[in-house]
1. Diagonalise the Cα gyration tensor of the chain and give the resulting equivalent ellipsoid semi-axes, square root of 5 times each eigenvalue, largest first, whole Å.
2. Pick out, from Leu92, Cys74, Tyr21, the residue whose Cα sits farthest towards the positive end of the charge dipole of the chain, with +1 on the Cβ of Lys and Arg and -1 on the Cβ of Asp and Glu.
3. For Arg83 and Asp16, compute 0.36 nm times the residue count separating them, minus their Cα-Cα distance, and round to one decimal in nm.
4. Given the -39500 (n - 2.57) contribution per DSSP H run of 4+ residues, what per-residue ellipticity at 222 nm results for the chain, rounded to the nearest 500 deg cm²/dmol?
5. If you count only protein heavy atoms and use a 1.4 Å probe, how large is the accessible surface of Glu46, to the nearest 10 Å²?
6. Heavy atoms only, probe 1.4 angstrom, no DNA, RNA or ligands counted: give me Lys60, Lys94 ranked by accessible area, highest first.
7. Leaving ligands, DNA and RNA out of it, work out the accessible area of Leu80 with a 1.4 Å probe and give it in Å² to the nearest 10.
8. So what is the relative contact order of the chain, in percent, for Cα pairs below 8 Å that sit 6 or more residues apart?
Amino acid sequence: MNIHENTRTDVYVPGDRPRDYRLVAKYRVEPEKPEIDISDLEPYPEGIVAVEIKRPLAKKLLGQNFTVRHRTACCTYTVLQDRPGDWREFDLTKEKGEVT
C-alpha cells in the first residue's frame, strides 16, 4: 500500500446533482499535525466544501481534533468515525471561526 494512501485527506465540492461531489484536491496529512489549508485552491471553492479523511488516517485521529484552514477562518472539529472514513461538510460562506 502506498504511504500516501495511509495519510490522505480529500477535498470535494458539490457536483451538478444532489449528493454528487467532485474531488478538487488531495492532501497528505501527518497524524502529528492533523490539519489542511485550502486557502490556495484554484479555483477557490465558494460555498460548500466536504473533507474526507481516509480510513487509515481516520483510525489514527479518532477522537482528536482536525483543522481545515481557509481564507476566512479555521474550522476545527473532532474526528468521530473511522469507517469508512470521516466525512465533514462546511459552508465557507458561513464559517467564520471554530466548529465542532
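1. On the way: eigenvalues 82, 49, 33 Å².
Semi-axis lengths for the chain are 20, 16, 13 Å.
2. After comparing all options, I get Tyr21.
3. Contour length minus the Cα-Cα distance gives 21.5 nm.
4. -2500 deg cm²/dmol
5. Glu46 exposes around 150 Å² with every protein chain in place.
6. Lys94, Lys60
7. Per-residue accessible area (Leu80): approximately 130 Å².
8. Value for the chain: 27 percent.
The values are calculated or read from the model by the stated rules, or taken from the named source; none is laboratory data. Small disclaimer: the values here were computed from a predicted structure and weren't measured. With ideal geometry, Cβ positions are generated from the backbone for all residues, glycine too; neighbour counts draw on all protein chains shown. Calculation scope for accessible area: heavy atoms of the full protein, side chains included, ligands and nucleic acids excluded. Shrake-Rupley method; radii C 1.70, N 1.55, O 1.52, S 1.80 Å.
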